[in-house]
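Have a look at the structure below, then the notes.
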Amino acid sequence: MNKNLIDLDSSQAWIRLIIIFIMSVIGTAGMWSVVIIMPNIQSEFVLDRAASTYPYVATMFGYGIGNVIIGRMLDKIGITKPIIFALTLLVFSYLISTLANNVMWLSIIQFFLGFSAAAFFGPMMADISRFFYKRKGLAVSLVASGQHLCGAVWPFVIKDFLLDGEWREAHLFIALVCSIFIPILFYFLGEKSPNLKNDFSKIKKEENLKKKVKILENLNIYKSSKNYGEPFTFTSDSYDQFLLTTLKNVIIDNREVGFIAVTENANDVKAVINERKVFIVRTAILVGIVIIIFSLHIIGIINIKFLNYEKRI
């Protein structure tokens, strides 16, 4: 067996998912860090509320363009070179941002930070989707949630810098963390490809067998049910389809001659169900994180400055 091939939905695929998830949590700092340092930027450069958002706007432009361009690079040359390019640009942009002496110069740098951070979002989802089939939706949504977790984690990692107004030191720290941990994670990611040749035929055989067994099981249930003689519908997941199957006994000349099974594709129904599930799970995770953070603040384990209320006389 080729060691560079990973079977779909295998344990190796899940390990790859975990690595990519962690890379996403670290790498998308280029998108979120500007939000965290905005109060410090506004204070240092003496900006009004509107002008202080210029770096954020530039970051979002870079992030959107980066997802498209780096995603296209991923399609053409694989994941290795785009990630190396993005990581180099990310670290360099963080380092050069410490020399910024006005908001326009910082905004230009933030464009490239957003551009490079995009490599750890859309392209990462595109890559992991190749290694999953039955759990592709779950895998992609988990990688996507890494970006949001990044926005929840980094403020607490660099809060000590920000309390002292040292946003440049915070950028240096982020550059250091990215330059150390992302290459290590990328090394374990390796040059792997999905094993498609054997997996698809194997999955088809397994799913066809499951489909037949499912029909026979439900046929026995249908025969013994009180509603025997009326259409009986059940659902099943087969290969890449969500199926609705309807059973009905066939009567000719007052004599039962057999049964008919009609199966139809209901992927649109499944898609709606999955969207609701993902939304509920992600919302529950974010609410849980917020509750934990507030709880730790209330009991004094962590101290969040903007949550402290001081009565002014």
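The values are calculated or read from the model by the stated rules, or taken from the named source; none is laboratory data. Keep in mind it's a predicted model, so treat the numbers as computed, not measured. Note that each Cβ is placed from the backbone with ideal geometry, even for glycine, and that neighbours are counted across all protein chains shown.
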Worksheet item: Quick check: is even one residue across segment 56-79 out of contact with any strand residue (DSSP E or B) (no Cβ under 7 Å at 6 or more places or on another chain), farther than 22 Å from R168 by Cβ, in the same structural domain as S116 (by TED's automatic domain parsing) and outside any helix (DSSP H, G or I)?
Response: yes
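Going by what's in this entry, would L138 be described as more than 15 Å from I26 (Cβ to Cβ), at pLDDT 90 or above and of a type outside the set (F, W, Y)? First the steps, then the outcome.
On the way: more than 15 Å from I26 (Cβ to Cβ): yes; at pLDDT 90 or above: no; of a type outside the set (F, W, Y): yes.
No; evaluated as a whole, the condition is false for this residue.
Go through segment 200-312 and tell me which strands (runs of 3 or more DSSP E), entirely inside it, have 3 or more residues that are within 35 Å of the chain's Cα centre (by Cα) and modelled with pLDDT under 75.
On the way: elements: 232-238, 241-252, 255-265.
Filter on segment 200-312 gives 232-238.
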Worksheet item: Can you spot a residue in segment 121-138 that is buried (at least 18 other Cβ atoms within 10 Å of the Cβ), assigned by TED's automatic domain parsing to the domain that holds I15, assigned to a helix (DSSP H, G or I) and over 20 Å from the mean Cα position of the chain (by Cα)?
Response: no
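Anything in segment 1-52 that is among the β-branched types (V, I, T), part of a loop (DSSP other than H, G, I, E, B) and surrounded by 15 or more Cβ atoms within 10 Å (Cβ to Cβ)? List them, or say none. Outline the logic, then answer.
We begin by selecting, within segment 1-52, every residue among the β-branched types (V, I, T); these are 6, 15, 18-20, 22, 25-26, 28, 34-37, 41, 46.
Restricting the remaining residues to those that are part of a loop (DSSP other than H, G, I, E, B) gives 28, 46.
The one that is among the β-branched types (V, I, T), part of a loop (DSSP other than H, G, I, E, B) and surrounded by 15 or more Cβ atoms within 10 Å (Cβ to Cβ): T28.
Quick check on F85: is it of a type outside the set (G, A, S), under 19 Å from C150 (Cα atoms) and in the same structural domain as K159 (by TED's automatic domain parsing)?
Numbers: of a type outside the set (G, A, S): yes; under 19 Å from C150 (Cα atoms): no; in the same structural domain as K159 (by TED's automatic domain parsing): yes.
When the stated conditions are applied, F85 does not pass them.
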Discussion item. Given the condition of a type outside the set (A, V, I, L, M) and modelled with pLDDT of 90 or more, answer yes or no: does some residue in segment 29-43 qualify?
Written reply: no
